[in-house]
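Working notes, beginning with the structure itself.
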Amino acid sequence: MLPMAELNSLRNIKIFGWIIFVFNVIVGITNFLSLFIQSSAFFGIMVGIFIISNLSATMLYSLFLSHQLRTTVKRGHRLNLLCYGYFGGVILVMIFTFFAVFIGFNDVVSVNLGLGVLLYGANFGIVIYGAVLGLVPAIPKNYIFLSTSPIPEDLVWNRSIKTQKRVRWLKGVIIIICILEIVIGGLVCYSIFFGLQGRLRIFMIRVFAGQAALFIGLGILSFTFILFKITRFIPKKLIRIPMSFLVILGIVVSGFCFVPLGLTPQFAQDADEAFSTSFNPVFSGDWKAVIDNSGYADAFLQTPFSVGGYFLGPPIYDCIVRKDVLYLDGSSSNFTVDANVKLYFDAYLPPNDSDSLPGNRSTLIRIHGGGLTIGDKGLGNVLTMNRYFAAQGYCVFDIQYGLNNGPESMGIPIITPPNVLGNFTLDDMMRHIGVFTFYLEDHNSEYGANLDSVFLSGGSSGGQLACATALSIASGNYTETFSANYSIKGIIPYYPANNVSLSFAQQSTPEWRNPELLVNNQSPPCLIYQGDQDHLIFRSRSLENTYLNRGNAEVCLLIFPFAGHASDLYFSGYYNQVFLYYMERFMFLYH
């Protein structure tokens with residue numbers, strides 16, 4: 001019979017455990033229902049809030065439970081490892097979820113199965129893990145490992161000196177890893193808040209810091225709890241840095257990583273105000289009424305941001321995909337520089353019931369970025385975006401173009417196919433895009449794209465090429481390079497790298513280096529995506545100002561706080577979700 005104080009303590013542990021068990025079961029159910037309830041904005045938000053709250057609460061419970069366990073007994077030690085395992089599981093869930101959504105579902109069954117196991121296996125697996133942890137105090141044979149009563153001699157686990165040394169060595173390694181992760185978290189926070197103004201600029205951290213901050217924050221919190229667990233039982237003389245400082249630092253760093261999520265409602269509201277200011281005058285003072293009265297309102301995203309979507313990703317969008325269609329064979333080109341290249345495109349077409357979709361088979365041409373030296377269609381160009389708009393009734397074409405392989409190349413061959421590399425100038429790249437426009441015109445019976453309603457979009461150097469191409473076609477002055485049978489309805493550049501300064505572009509056509517030279521009061525409407533921690537922000541502002549200064553008010557620059565360069569790569573990230581909400585409305589309004 002346990003003393004009353006121990007019974008009360010055990011009862012409290014059991015109550016905490018049952019709460020965690022029930023919470024994990026509820027989250028598991030809501031996660032499952034979210035696979036079938038895609039249209040409810042409120043439900044999507046609640047799912048995400050439940051996921052974040054559950055992960056945080058279960059980590060706290062795991063920490064609490066592990067401190068109650070008597071690790072001098074083998075079963076107590078194993079249960080303690082189970083608590084450690086949950087923290088490690090959270091870290092893996094963050095990694096697997098980001099990786100799976102970043103790649104995106106497609107038409108390859110084997111790939112989809114693998115991504116499904118990563119995404120849903122991780123998210124449902126951690127829920128099951130949490131539920132099991134919640135049941136630990138409810139199992140009678142675990143009572144003795146949660147009390148302070150004397151342990152029978154035959155249950156005491158006497159670890160050998162060799163085992164104790166191994167454990168101390170392992171703990172030391174884990175401590176170093178945890179401290180390194182907190183330091184990396186500090187660099188992420190620095191990039192989020194000072195990425196553009198600060199002296200320390202690490203490009204790849206700046207790319208992913210903002211859009212993956214929520215994942216990073218939960219991961220850092222997990223590392224902090226692991227550090228707290230380990231250092232709590234290590235003599236202070238072995239640790240020079242105060243444990244309390246490390247833990248507080250980890251919690252603060254993790255908290256800062258939650259700031260972009262916390263401010264998402266505000267920057268979604270700011271985006272709405274900017275969008276309305278730019279386009280309300282064009283649509284009788286109320287662009288929203290145009291959407292609401294269109295008969296397609298239910299087909300659009302119902303909210304600028306779904307927290308549940310951030311974790312569970314988008315569905316598999318229904319569309320027809322034709323990959324690797326050859327449109328330029330360099331061996332038959334009239335330009336010798338093209339001799340060794342072959343350029344392809346991927347077509348993402350609406351499903352057979354496209355008449356009921358808002359896109360009305362309008363054309364969207366997407367041009368990848370990469371500093372004109374690296375990159376490719378497909379994954380490097382957020383292929384889930386292509387599938388989304390195809391599922392909305394648009395004919396989407398994701399194209400390759402020749403890239404310069406000279407001394408200014410950024411390398412990274414793993415994301416750049418050899419068939420696109422050559423000694424190409426900017427004029428050559430524009431010419432390649434022009435070849436595609438003629439190819440699509442000649443073969444459009446195979447795709448059914450509406451060439452009287454065409455949009456161009458791209459990121460970074462792809463945004464610059466999209467601007468140059470759209471404005472050139474709209475001007476009607478470059479019919480030798482581009483087909484004249486396209487009607488440009490809008491341009492959607494992401495952080496456009498206008499006014500190219502690379503040496504191989506210096507002798508190219510000036511207005512293609514800097515598309516702002518082509519802007520006039522009749523230029524196509526323009527919706528610009530830009531992060532405020534991106535070094536190209538001044539170029540986006542310049543493009544907006546050029547539109548306005550030339551008497552064209554149909555331009556909207558949406559600036560996202562804490563977002564660096566390429567902050568749209570995670571399709572379900574808060575930045576990309578908010579922009580997608582307005583991008584699809586922009587395209588419908590003007591198509």
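Of everything in region 191-224 that's within 22 Å of residue 255 (Cβ to Cβ), at pLDDT below 90 and of a type in the set (Phe, Trp, Tyr), which residue is surrounded by the most Cβ atoms within 10 Å (Cβ to Cβ)? Top of the filtered list is 208.
Which residues, counting only those in region 410-424, are touching a Lys or Arg at 6+ places or on another chain (Cβ under 8 Å) and either assigned to a loop (DSSP other than H, G, I, E, B) or under 10 Å from residue 349 (Cα atoms) (or both)? Of everything in region 410-424, nothing turns out to be touching a Lys or Arg at 6+ places or on another chain (Cβ under 8 Å) and either assigned to a loop (DSSP other than H, G, I, E, B) or under 10 Å from residue 349 (Cα atoms) (or both). The residue of region 399-449 that is nearest to residue 382 (Cα to Cα), among those that are modelled with pLDDT of 95 or more, touching a strand residue (DSSP E or B) at 6+ places or on another chain (Cβ under 7 Å) and hydroxyl-bearing (Ser, Thr, Tyr), is 401. Residue 76 meets all of the listed conditions (1) surrounded by fewer than 16 Cβ atoms within 10 Å (Cβ to Cβ); (2) in a helix (DSSP H, G or I) but one, namely (1).
Being touching a strand residue (DSSP E or B) at 6+ places or on another chain (Cβ under 7 Å) and either crowded, with 21+ Cβ neighbours inside 10 Å or of a type outside the set (Val, Ile, Thr) (or both) is the filter here; which residues of region 316-337 pass it? Of everything in region 316-337, those that are touching a strand residue (DSSP E or B) at 6+ places or on another chain (Cβ under 7 Å) and either crowded, with 21+ Cβ neighbours inside 10 Å or of a type outside the set (Val, Ile, Thr) (or both) turn out to be 319, 322, 323, 324, 326, 327, 328, 329, 330. For residue 108, the criteria (1) under 24 Å from residue 212 (Cα atoms); (2) without any contact (Cβ under 8 Å) to a residue 24 or more places away in the chain hold in every case but one, which is (1). Taking residue 540 as the residue in question, decide whether it is among the polar types (S, T, N, Q) and in contact with a strand residue (DSSP E or B) (Cβ under 9 Å, 6 or more places away or on another chain). Yes: the conditions hold for residue 540. Do we have any residue at all in region 555-576 that's over 24 Å from residue 501 (Cα atoms) and small (Gly, Ala, Ser)? Checking region 555-576: at least one residue is over 24 Å from residue 501 (Cα atoms) and small (Gly, Ala, Ser).
Among the residues of region 489-523, those that are touching a residue at least 60 places away in the same chain (Cβ under 8 Å), of a type outside the set (Lys, Arg) and outside any strand (DSSP E or B) comprise 495, 497, 500, 502, 503, 504, 505, 507, 508, 509, 512. Scanning region 517-535 for residues that are closer than 22 Å to residue 370 by Cα and crowded, with 20+ Cβ neighbours inside 10 Å gives 526, 527, 528, 529, 530, 531, 533, 534. Going by the conditions given, is residue 285 on the phi > 0 side of the Ramachandran plot and either touching a Phe, Trp or Tyr at 6+ places or on another chain (Cβ under 6 Å) or surrounded by 13 or more Cβ atoms within 10 Å (Cβ to Cβ) (or both)? No, not satisfied. Contact map, region 70-86: first residue within 15 Å of residue 137 (Cβ to Cβ), second residue surrounded by fewer than 18 Cβ atoms within 10 Å (Cβ to Cβ) and of a type outside the set (Gly, Ala, Ser), Cβ cut-off under 6 Å, separation 6 or more or different chains; pairs are 80/71.
The values are calculated or read from the model by the stated rules, or taken from the named source; none is laboratory data. Note that the structure is a prediction, hence the values are computed from the model and not measured. Heads up, the Cβs are rebuilt from the backbone with ideal geometry, glycines too, and the neighbour counts pull from every protein chain shown.
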